[in-house]
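For reference, the structure is listed below as structure tokens.
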Amino acid sequence: KKSEVSEVMTKADMKPKSMHRAKIWSDDVENLYRFQQAGYRDEVEYKQVKQVDEVECWPETGFVKKLQRRDNTFYYYNRQRECEDKDVRKVKVYVY
């Protein structure tokens with residue numbers, strides 16, 4: 001399962017037009033939470049910085065499995081939800 005962002009955004013010069021905070025949890029919010037924990041805005045920025053075509057995801061859920069931070073250490077994530085309800089409003093959702 002690919003996120004909508006990964007299918008649409010491939011240009012290296014893409015910049016978001018606006019940002020808002022997530023209000024409710026969803027699969028996309030979960031993945032954004034994981035990217036932002038690792039120090040990236042979203043999947044688009046991660047792919048630009050790390051020069052990768054694909055992000056490793058859990059096949060069962062589609063959630064991000066592993067991300068490499070800018071200092072080259074790795075974050076490993078569980079198959080299940082990690083973004084708790086109290087953290088949902090901290091997630092920034094970017095609009096392109």
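So here's what we get for this one:
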| read-out | value |
| --- | --- |
| Of all residues making up region 71-96, the number that are in contact with a strand residue (DSSP E or B) (Cβ under 6 Å, 6 or more places away or on another chain), among the hydrophobic types (A, V, I, L, M, F, W, C) and within 21 Å of His20 (Cα to Cα) | 2 |
| Residue check, Val29 in a helix (DSSP H, G or I) and open to solvent by 60 Å² or more (accessible area, probe 1.4 Å) | no |
| Checklist (1) in contact with a Ser or Thr (Cβ under 7 Å, 6 or more places away or on another chain); (2) under 15 Å from Tyr94 (Cα atoms) applied to Arg79, failing item | (2) |
| Residue match in region 39-52 (condition: closer than 16 Å to Ser26 by Cα and either small (Gly, Ala, Ser) or open to solvent by 40 Å² or more (accessible area, probe 1.4 Å) (or both)) | no |
| Neighbours by Cβ (under 9 Å, 6+ apart or cross-chain): first from region 71-96, in a helix (DSSP H, G or I) and basic (Lys, Arg); second modelled with pLDDT of 95 or more and exposed (fewer than 15 other Cβ atoms within 10 Å of the Cβ) | Arg89/Arg21; Arg89/Lys23; Lys90/Arg21 |
| Residues that are touching a strand residue (DSSP E or B) at 6+ places or on another chain (Cβ under 7 Å) and either within 19 Å of Lys92 (Cα to Cα) or in a loop (DSSP other than H, G, I, E, B) (or both), drawn from region 38-70 | Ala38, Arg41, Asp42, Tyr46, Val55, Glu56, Phe63, Val64, Lys65, Leu67, Arg69 |
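The values are calculated or read from the model by the stated rules, or taken from the named source; none is laboratory data. Bear in mind that the values here come from a model prediction, so they are computed numbers and not experimental data. Virtual Cβ from ideal backbone geometry, glycine too; neighbours counted across all protein chains shown. Just the protein is used for accessible areas: all its heavy atoms, side chains included, with ligands, DNA and RNA removed. Shrake-Rupley method; radii C 1.70, N 1.55, O 1.52, S 1.80 Å.
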